[in-house]
Amino acid sequence: MSRILPIGVLGCSAFAKRSFIQELKNSGLFELKAIASRSLSKAETYAQQFNCDAVGSYKALLQRTDIEVVYMPLPIGIHTEWLMKALQAGKHVLVEKSFTSNISDTRTILALAKEKSLCVFENFMFPFHSQMTYVQNELARGIIGQLQAVRSSFGFPMFDATDNIRYKKELGGGALLDAGAYTLLAAQLFLGKQLQVVGAVLNNGGHEVDFNDHVLLQNEEGICAQLSFGFNHFYQNNIELWGTSGKIVMKRAFTAAPGFAPTVEIEKPDGITSLQLPADNHFQKLLQQFYRSILEQPDWQFAQIEAQSALITAVFEKANQHS
């Protein structure tokens, strides 16, 4: 480790308060300087819990010269505005998913980051979990033969609809940008970044954003991914890999929290083997990679961010053709 990097938090989300800010503090890589909110009283409540400064506006935090890095748990609908402002202020940024709602904004942001030699990083943690490495290695050694299909589902029951940003169009809500983004990235991890959107259905179900969605993707070799995700569902959180001689199922693919030992099932003609894998901390592994990227290769994740954003845009476009 070269040095500890001073970081500020732009926004006071429940997830940041519940999980991520403490992981930042525990990492030993970043020093938490300040937390900003548009409400000073809200910032003060958060800052008191984490023993740092409270700032009453996002702009004021970006103007601080003692902060080099920003963590941004803001609603997706305002990501573009504040990513641009953070980069213009000379800050490296770790931003919650989804990066933006469209590929045009994403490319504008990446171009500015490249011009300024700054790191932007999208906070998808599940690829860094050791269970993903285990499954990718098993797949590569042919444990299920040749991969024929990928299936993934991520959905959960309704939250309080009165104040949840997931359900508000103006804030960049909707199942595709939230839960669906995980399944799209999973498809890319196993099928590559060159994916065609064969079909997409985004159902609102009477809401102002999409709530119940289904996507069919195909890679250059003709292998398909079938994805389903939504906001009013029995909880599902899985990736299934179907091969010529077996099947792998990751039962807790996206949210295997620190301390949780995930289960992977391998089904072969002679039966099903259920393996409990070691617990892991994908928070810390992501933060370690983000830290290395800042110091050594700021554009380490740019290709992935662009591919993910392009795929999201293509899904929206395909769904609109059928609506």
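The values are calculated or read from the model by the stated rules, or taken from the named source; none is laboratory data. This one's a predicted model, so the numbers in the text were calculated from it and none came from an experiment. All Cβ positions, glycine included, derive from the backbone under ideal geometry; neighbour counts span all protein chains shown. Ligands, DNA and RNA are excluded from the accessible area calculation, which covers all protein heavy atoms including side chains. Shrake-Rupley method; radii C 1.70, N 1.55, O 1.52, S 1.80 Å.
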Task: Rounded to the nearest 20 debye, dipole of the stretch 107-200 from Cβ charges on Lys, Arg, Asp, Glu - done: 300
TODO: Please go through the residue pairs 59/91; 33/85; 168/251 and name each one whose alpha carbons sit more than 24 Å apart in this structure.
DONE: 168/251
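How about the stretch 1-69: which trypsin sites (Lys or Arg not before Pro) there are in a DSSP loop, with at most 10 other Cβ atoms within 10 Å of their Cβ?
The qualifying sites are 3.
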Task: Separation of the residue 163 and residue 279 label points, Cα + 7 Å toward Cβ, nm - done: 3.1
Open item on the list: What FRET efficiency comes out for residue 295 versus residue 78 if R0 is 35 angstrom and r is the Cβ-Cβ distance? Round to the nearest 0.05.
Closed with: 0.80
TODO: Sum -39500 (n - 2.57) across every DSSP H segment of at least 4 residues in the chain, then divide by the residue count to get the 222 nm mean residue ellipticity, nearest 500.
DONE: -10000 deg cm²/dmol
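Given an 8 Å cut-off on Cα distances and at least 6 residues of separation, report the relative contact order of the chain as a percent.
Computed over the chain, the figure is 18 percent.
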Open item on the list: Rounding to the nearest 10 and keeping the result within 0 to 90°, find how far the Cα-based axis of helix 181-191 lies from the longest principal axis of the chain.
Closed with: 50
Open item on the list: Using the crude model of +1 on Lys and Arg Cβ and -1 on Asp and Glu Cβ, and no other charge, please compute the dipole size for the chain relative to its Cα centre, in debye to 20.
Closed with: 500
Open item on the list: For residue 57, what residues show an amide H to amide H distance below 5 Å, using hydrogens built from the backbone and excluding near sequence neighbours?
Closed with: 37
Task: Loop GluC sites (Glu not before Pro), the stretch 215-263, which have at most 16 other Cβ atoms in a 10 Å radius of their Cβ (DSSP) - done: 220, 221
Open item on the list: Quick check for you: with a 1.4 Å probe and neighbouring chains kept, what is the accessible area per residue of the chain, in Å²?
Closed with: 44
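In whole percent, how big is the carbon plus sulfur part of the accessible area of the chain, probe 1.4 Å, protein atoms only?
Answer for the chain is 47 percent, counting heavy atoms of protein chains only.
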